[in-house]
Amino acid sequence: MTTATNYASFKPAVLHVTPEGTGHLIGTRCPTCGAHFFPPRAVCSRCLTEDLQTVGLSDAGTLYTFTVIHQSTPGFQIPYVLGYVDLPEGVRVLAQIGVAAEQARIGMPLDLSIEPFGEDKDGNPMLGYRFRPARGSGAGTPAAASVKE
Amino acid sequence: MNDVYVIGVGMTRFAKHADRDVVSLGTEAVRAAIKDANLDPRRIEAAYCGHVFQGMAAGQRVLAQVGLAGIPLANVENACSSGATAIREAYLAIRAQECEVVLAFGMEHLTSKFKGALTPDEDDPEAAVGLTMPGVYAMRARRYMEEYGTTREQLALIPVKNRAHAALNPLAQFQDRIAVKQVLESRPIADPLRLLDCSPISDGAAAVIVTSDAAARRLGGGRAIRLAASSLRTGSVEPEPTSMSFEPLTHATARDAYERAGIAPEEVGFAEVHDCFSIAEALRVEGLGLFGRGEYLLAVERGDASLGGRMPVNPSGGLLGKGHPLGATGVAQVVELVRQLRGEGAERQIENATVGLAHCRGGKAAGVDGAACTVQILTR
Ligand SMILES: [Zn+2]
């Protein structure tokens, strides 16, 4: 198991990682109407309630749509699969999808995976997140990760 | 409140202008608009300049070149809608009866700022996991194609059409027609989109002179075109994920513009829309209510959206054919509308053109369905 202690933190504050290397995405929940937001919001866009609660989000979802990126910014090793994942809370999360391009399918079940993801400006490895085919869903895992490591 | 008219238009050629800077491009466009209006520049009371990456006080550097010192000027940044937002500010100043004659221009020298595709701001959490602008539209394309059974070949008909229109526009970046096969064989950028599905990196500038109805009667020389609506919306934070094969933001902005202009979508005769990528044109025109949902590619196949068709879309060549110098794009759309409505469309002239619509939409912010969207309606 990867441990988090050797890694710099992932820059956008949307991921909580434990010292054991597990973790979850962070969103906000409206205590009045129950709406969830990712990335976190300060005010509910449905009912304008302030002081939303910070909550951990589900680690399983389904693939809404995806692309295979062939041209990207420095720091990303191409090609990689990128997709929007719908979570049961009613939020849609953009993430790299750890699946071979030809196996990606709209609607496929996926699980969150905390894993090495690029480097910070000083060259320290960072932890980040991808979604991978849900265990038992039959889709394989890819041979290569998609960020320079 | 005043009705609003456009009495002068001008633009540079859109191209990779390696030997020129943004001030030179902006100056050319502003002087062309003043000359087109046959206007004494001293009558201009205020100016708005749309740009995204041209640095501090870029608009003032152009005013200094054209002898327009002392008047109020505001630089406007609103992503790909910057130029259209500059026109809207001019429209509002006239509606509010603060001014009678206002200059709105947009400009961008992108080739000196970017080599490859533009990317979202790096602090954006979606950019941090590898999102690119072509990636945004590639994911929408895949969803649209899955829902409506659209083929890759059908999608290629959009760049093919817009490059054919651009070949008739001497100010367009691309002057050559392309075939479906060339689109399908061009370099993959973000599957299913390829290089020829993407608008190019461009330099250019465009300008319009906007006036009150009284000033248009006095100064317009009988060629004034009415700016019947100039609407702006920002994307909403949705508490539930929404469809990516339809654009609520474009739809809401258009509804506002139709209401203000007192015009129904069925009355629109032609449109310039923000075709930053091939799929974007389908999403725009369906969001605008100009074509039914999921029906646009079939209409393109029939020739309905081509010059000579029922509802020409992007007669100028659009962003895919004419080019996309961000801040200039929204202003250049209005330049094309005015020329068409005056009957100065030359080889691209649309017969009996009386109502034209311009649409821009740009920017990316995580969890928001688009940043800034504008819809403008012009009538003869
Ligand atoms: Zn709420």
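The values are calculated or read from the model by the stated rules, or taken from the named source; none is laboratory data. Remember, predicted model here, so these are calculated numbers, not experimental data. Positions of Cβ are backbone-derived with ideal geometry, glycine not excepted, and every protein chain shown enters the neighbour counts. Accessible surface areas use protein heavy atoms only, side chains included; no ligands, DNA or RNA. Shrake-Rupley method; radii C 1.70, N 1.55, O 1.52, S 1.80 Å.
Give the residue that is farthest from the other protein chains (Cβ to nearest Cβ), with candidates limited to residues of region A:48-72 that are of a type in the set (S, T, Y) and within 16 Å of the ligand (Cβ to nearest atom).
A:T54
Could you tell me how many of the residues in region B:11-43 are in contact with a Lys or Arg (Cβ under 6 Å, 6 or more places away or on another chain) and buried (at least 22 other Cβ atoms within 10 Å of the Cβ)?
Matching residues across region B:11-43 total 1.
Based on this model, can you work out whether B:I34 counts as touching a residue at least 24 places away in the same chain (Cβ under 8 Å) and touching a helix residue (DSSP H, G or I) at 6+ places or on another chain (Cβ under 6 Å)?
So B:I34 passes the test.
Would region A:42-60 turn up any residue that is at positive phi, open to solvent by less than 20 Å² (accessible area, probe 1.4 Å) and in a loop (DSSP other than H, G, I, E, B)?
Scanning region A:42-60, I find no residue that is at positive phi, open to solvent by less than 20 Å² (accessible area, probe 1.4 Å) and in a loop (DSSP other than H, G, I, E, B), so the answer is no.
Is it the case, given these coordinates, that B:E266 is assigned to a helix (DSSP H, G or I) and within 27 Å of B:D3 (Cβ to Cβ)?
Yes; evaluated as a whole, the condition is true for this residue.
Just to check your reading of the model, which residue among B:A252, B:A228 is assigned to a strand (DSSP E or B) and either open to solvent by less than 20 Å² (accessible area, probe 1.4 Å) or touching a residue at least 12 places away in the same chain (Cβ under 8 Å) (or both)?
Result: B:A228 is the single residue among B:A252, B:A228 that is assigned to a strand (DSSP E or B) and either open to solvent by less than 20 Å² (accessible area, probe 1.4 Å) or touching a residue at least 12 places away in the same chain (Cβ under 8 Å) (or both).
Can you tell me which of (1) over 18 Å from B:C198 (Cα atoms); (2) surrounded by 24 or more Cβ atoms within 10 Å (Cβ to Cβ) is the one B:G327 doesn't meet?
B:G327 satisfies all of (1) over 18 Å from B:C198 (Cα atoms); (2) surrounded by 24 or more Cβ atoms within 10 Å (Cβ to Cβ) except (1).
In region A:86-113, how many residues are within 10 Å of chain B (Cβ to nearest Cβ), under 17 Å from B:G135 (Cα atoms) and under 14 Å from the mean Cα position of the chain (by Cα)?
The number of residues fulfilling the criteria is 5.
Which of the residues that make up region A:14-41 are within 16 Å of the ligand (Cβ to nearest atom), assigned to a loop (DSSP other than H, G, I, E, B), in contact with a strand residue (DSSP E or B) (Cβ under 9 Å, 6 or more places away or on another chain) and within 9 Å of another protein chain (Cβ to nearest Cβ)?
Result: A:C30, A:A35, A:F38, A:R41.
Could you go through region A:116-124 and let me know if any residue there is modelled with pLDDT of 95 or more and among the charged types (D, E, K, R).
Taking every residue of region A:116-124 in turn, none turns out to be modelled with pLDDT of 95 or more and among the charged types (D, E, K, R).
Among the residues of region B:116-133, which ones are at the interface with chain A (Cβ under 7 Å from one of its Cβ atoms) and at pLDDT below 85?
Scanning region B:116-133 gives B:G116, B:A117, B:T119, B:P125.
Need pairs with beta-carbon distance below 9 Å; first residue more than 22 Å from A:V99 (Cβ to Cβ) and within region A:117-130, second open to solvent by 70 Å² or more (accessible area, probe 1.4 Å); sequence gap 6+ or separate chains.
Short answer, once both residue conditions are applied: A:E119/A:K148; A:E119/A:E149; A:D120/A:S9; A:D120/A:K11; A:N124/A:N6; A:P125/A:N6; A:P125/A:E119; A:P125/A:E149.
Does region A:73-80 contain at least one residue that is within 7 Å of chain B (Cβ to nearest Cβ), free of Cβ contacts under 8 Å to residues at least 60 places away in the same chain and open to solvent by less than 50 Å² (accessible area, probe 1.4 Å)?
Yes, some residue in region A:73-80 is within 7 Å of chain B (Cβ to nearest Cβ), free of Cβ contacts under 8 Å to residues at least 60 places away in the same chain and open to solvent by less than 50 Å² (accessible area, probe 1.4 Å).
Which one is nearest to the ligand (Cβ to nearest atom) among residues in region B:231-245 that are in a strand (DSSP E or B) and open to solvent by less than 70 Å² (accessible area, probe 1.4 Å)?
Looking at the filtered set, the residue picked out is B:V237.
If I ask for residues that are outside any strand (DSSP E or B) and open to solvent by less than 20 Å² (accessible area, probe 1.4 Å), which ones from region A:81-95 would you list?
A:L87, A:G90, A:V91 - these are the residues of region A:81-95 that are outside any strand (DSSP E or B) and open to solvent by less than 20 Å² (accessible area, probe 1.4 Å).
Check whether at least one residue in region A:81-92 is of a type in the set (S, T, Y) and within 16 Å of the ligand (Cβ to nearest atom), and report yes or no.
No, that holds for no residue.
Give me the pairs, please: first residue somewhere in region A:34-55 and of a type in the set (K, R), second residue anywhere and near the ligand (Cβ under 8 Å from one of its atoms), beta-carbon distance under 6 Å, and either six or more positions apart or on two chains.
Partner pairs satisfying both residue conditions: A:R46/A:C33; A:R46/A:A35; A:R46/B:P239.
Looking at the structure I just gave you, is B:I158 under 30 Å from B:V210 (Cα atoms), away from every other protein chain (no Cβ under 14 Å) and either touching a residue at least 40 places away in the same chain (Cβ under 8 Å) or not β-branched (V, I, T) (or both)?
For B:I158, the condition - under 30 Å from B:V210 (Cα atoms), away from every other protein chain (no Cβ under 14 Å) and either touching a residue at least 40 places away in the same chain (Cβ under 8 Å) or not β-branched (V, I, T) (or both) - is not met.
Failed condition for A:R135, given (1) in contact (Cβ under 8 Å) with a residue 24 or more places away in the chain; (2) within 13 Å of chain B (Cβ to nearest Cβ), with all others met?
(2)
Looking at B:G204 and the list (1) of a type in the set (G, A, S); (2) open to solvent by less than 20 Å² (accessible area, probe 1.4 Å); (3) within 14 Å of chain A (Cβ to nearest Cβ), which single condition is not satisfied?
Among (1) of a type in the set (G, A, S); (2) open to solvent by less than 20 Å² (accessible area, probe 1.4 Å); (3) within 14 Å of chain A (Cβ to nearest Cβ), the lone unmet condition for B:G204 is (3).
Here's a check for you: in region B:121-161, which residue that is in contact with a helix residue (DSSP H, G or I) (Cβ under 8 Å, 6 or more places away or on another chain) and outside any helix (DSSP H, G or I) is least open to solvent (accessible area, probe 1.4 Å)?
By that ranking, first place goes to B:T150.
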